[in-house]
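A short worksheet on the structure shown next.
Read-outs: derived from the displayed coordinates by stated rules, not from any lab. Just so it is clear, the model here is predicted, and its values are computed rather than measured. All Cβ positions, glycine included, derive from the backbone under ideal geometry; neighbour counts span all protein chains shown.
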Amino acid sequence: GYIVFIQIFDNMWTSIYLTVVLCNILFVFGAKDIFEAVAKSDISAIEQILSTDSSNQLNKKGPGGQTPLMNAVLSGKIGAVEALLKAGADVTIPEQDGYTPMHGAGFQGRAEIAKLLLDHGIPSLDVHSDGYIPMHRACWGQEDRHTDTVRVFLEAGVPVRYKAENGKTCWQMTKNKETKKLLKTYTAKLSPKSQEDL
């Protein structure tokens, strides 16, 4: 009976060990990839994946040509954005239509993320090939979060009258009443002549 018990006990630990090894192998080879970790905002999984395969995972392109950073920005996963920036994610890689993470933050109205990107030295006046900057994209949005994002850009020094390639300013683009109020507050600081150009 004693030998049988040791054999069962030994097999149990061998089985547990093999299960742990198998889970780690599956984890590393895609059972849980970087995009899944970003979607869940699972910071420890992001760090684990990057610690084992950073060169292939950090700036990997996924659905829509998005990097993990762009995916995190668009989905509003601030913890994931922080982890990816800390790991050295390339902020200049665009998705399939050429939009960079700062444009994504503007379009989705991700004020906290826009601030985080600005704090990491990412320029706010990145002009896309369509002639718009990230603040213009925030001006198009109808929600309070878009107004908050416009505020972040203005506080970062983006000129309130910055014109897109088509000659329009944020004031002319937005239908958001709260964004209009915010822009009016900023334009009140300008000379009367400058206010006419809005």
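Values as computed for the structure displayed
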| quantity | calculated |
| --- | --- |
| Chain lengthening between L190 and E143 when straightened (0.36 nm per residue, less Cα-Cα) | 14.3 nm |
| 15 Å beta-carbon shell around G65, net charge (K/R +1, D/E -1) | -1 |
| Order of L58, L125 under a 10 Å beta carbon neighbour criterion, fewest first | L125, L58 |
| Mean separation of Cα contacts under 8 Å (6+ apart) over length of region 53-106, as relative contact order % | 37 percent |
| Exposure proxy ranking, count of Cβ atoms within 10 Å, fewest first, for K177, K115 | K177, K115 |
| Net charge of neighbours whose Cβ lies under 15 Å from the Cβ of E178, counting Lys and Arg as +1 and Asp and Glu as -1 | +4 |
| Spin-label model distance (nm) - D53 vs S129, 7 Å beyond Cα toward Cβ | 3.0 nm |
| Stretchable slack from H120 to T92, in nm (0.36 nm times residue separation minus alpha-carbon distance) | 8.8 nm |
| Residues of region 68-112 with amide N under 15 Å of the 7 Å Cα→Cβ point at E155 | 110-112 |
| Residues R145, R151, R137 arranged by fewest to most Cβ contacts within 10 Å | R145, R151, R137 |
| Value of Rg to Rh for region 99-198 (Rh from inverse mean 1/r over Cα pairs, i.e. Kirkwood) | 0.94 |
